[in-house]
Amino acid sequence: MTEPEEHWDLEIKPTGSLFDLKLKDVWHYRDLLLLLVRRDFVSFYKQTVLGPIWFFVQPIITILVYNLIFSNLAGIKTDNIPGPVFYLAGTIIWNYFAECLTKTSTVFKDNSAMLGKVYFPRLIMPLSIVLSNLVRFAVQFILFILLLGYYLIAGYPIAPNAYLLLFPLLIIIIAALGLGFGMIVSAVTTKYRDLSFVVSFGVPLLMYTTTVIYPLSEVVKKYSNYSWLIKYNPLTPVIETFRYGFLGKGSFSWDLLLYSTIFTIVVLLAGIVVFNKVEKTFVDTV
C-alpha cells in the first residue's frame, strides 16, 4: 500500500544559488505586496490637510519656478515648446526615478524591525515602494495630459505622434533603473552608512546631468565637448523619447533607447543579486 503524497505550504531549503532571483516567492506573496502598497499610500497622506492633492501641488510649484528661473531669467531654450509643459514632461519622469531610488536605498534601515521578525521575500519591500510611487506618477501624468490638452486647443506647435506608444516601456525602464540602483545602495549602506549621505545630496545634483530643464539639442549645440555626459546618461533617452512622443519635439534615437534599456537590465539584475545576498545577514549590521 503506497503512502499518500503530502503537500506542504512552506518548505525550508538550503541556501540557494547567488543568481536565484526568488521571483517565484515574490509572486507567492503578491497579496502582501499589494497590502504594503496600500499602507505606503495611506500612511503618507493620512494626517495631511490636502492629502493626495499634494501630488498636483508639488509639480505645479516646480514648473512655475523652473519657468521663471531657467526660461525667463537664464534664457534656456525649450525647443519652441511652452515652458510649463516642457518642464512638466521632464519633472514627472525625474520625480518618479528619484523617489524610487531614494526610498529604496533606505529600505533595510527603515524596515529593520519588521524584517528582523517576520519572514517574507525581502524583495517585496523595494517592489512595494516602486508600485506606490507609480500611483503618484499616474496622478501627475494626468496633470501633464490636462496641460498638454490646453496647449493643443490653444494652437501651440505641439504634435503628439506614434512614438508615444513607447510610454509603457519608458515607465518600465525608469522604475527598473530606480529599483536597481536603490537596491544596490540599500545593500551597501548596511555596512557603509556614508553612502546614504551621498545619495541625499547626490540625487538632486544628478538631475542637472539629465535633460529635465533643457533639451538635448541645446547641449549638443553649445557644449559639444561635454554633450556625451548628458547623452549617455541612461535617463536622458527616456526623457527625450517621452517629450518626442507627446510633444513632437526633442531628440529621439533607437540606439540610445536600446542602450538605456540594456543598461537598466544590467543594473536591475545586479541590484537583485546584491540585495538577495545581503538580506540574509543584514540584521547583524543594520
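The values are calculated or read from the model by the stated rules, or taken from the named source; none is laboratory data. The structure displayed is predicted, hence computed values, not measured ones. Here Cβ is always computed from backbone atoms with ideal geometry, including for glycine, and neighbour counts include all displayed protein chains.
What to note about this one:
- Under the condition of being assigned to a helix (DSSP H, G or I), at pLDDT below 90 and out of contact with any helix residue (DSSP H, G or I) (no Cβ under 7 Å at 6 or more places or on another chain), the residues counted in region 241-282 number 3.
- Residue 205, sole failed condition from (1) free of Cβ contacts under 8 Å to residues at least 12 places away in the same chain; (2) assigned to a loop (DSSP other than H, G, I, E, B); (3) within 30 Å of residue 65 (Cα to Cα): (2)
- Any hit, region 167-176, residues being of a type outside the set (A, V, I, L, M, F, W, C), more than 15 Å from the chain's Cα centre (by Cα) and either under 15 Å from residue 260 (Cα atoms) or part of a helix (DSSP H, G or I) (or both): no
- Some residue of region 145-162 being part of a helix (DSSP H, G or I), within 30 Å of residue 269 (Cα to Cα) and under 23 Å from the mean Cα position of the chain (by Cα): no
- Count of residues meeting criterion [assigned to a helix (DSSP H, G or I) and surrounded by 13 or more Cβ atoms within 10 Å (Cβ to Cβ)] in region 59-76: 9
- In region 154-166, the residues that are surrounded by 10 or more Cβ atoms within 10 Å (Cβ to Cβ) reach residues that are in a loop (DSSP other than H, G, I, E, B) and of a type in the set (A, V, I, L, M, F, W, C) with C-beta atoms within less than 9 angstrom, at least six apart or across chains, in these pairs: 156/81; 157/81; 158/81; 163/252.
- Scanning region 235-248 for residues that are buried (at least 20 other Cβ atoms within 10 Å of the Cβ) and touching a residue at least 60 places away in the same chain (Cβ under 8 Å) yields 235, 238, 239, 241, 242, 243, 244, 245, 246, 247.
- Options 88, 101: the member that is modelled with pLDDT of 85 or more, crowded, with 21+ Cβ neighbours inside 10 Å, under 29 Å from residue 254 (Cβ atoms) and within 15 Å of the chain's Cα centre (by Cα): 101
- Any hit, region 106-118, residues being charged (D, E, K, R) and at pLDDT 85 or above: no
- Taking the conditions (1) charged (D, E, K, R); (2) buried (at least 16 other Cβ atoms within 10 Å of the Cβ); (3) more than 16 Å from the chain's Cα centre (by Cα) in turn, residue 136 satisfies each one other than (3).
- Scanning region 250-280 for residues that are surrounded by fewer than 19 Cβ atoms within 10 Å (Cβ to Cβ), charged (D, E, K, R) and touching a residue at least 12 places away in the same chain (Cβ under 8 Å) turns up 277, 280.
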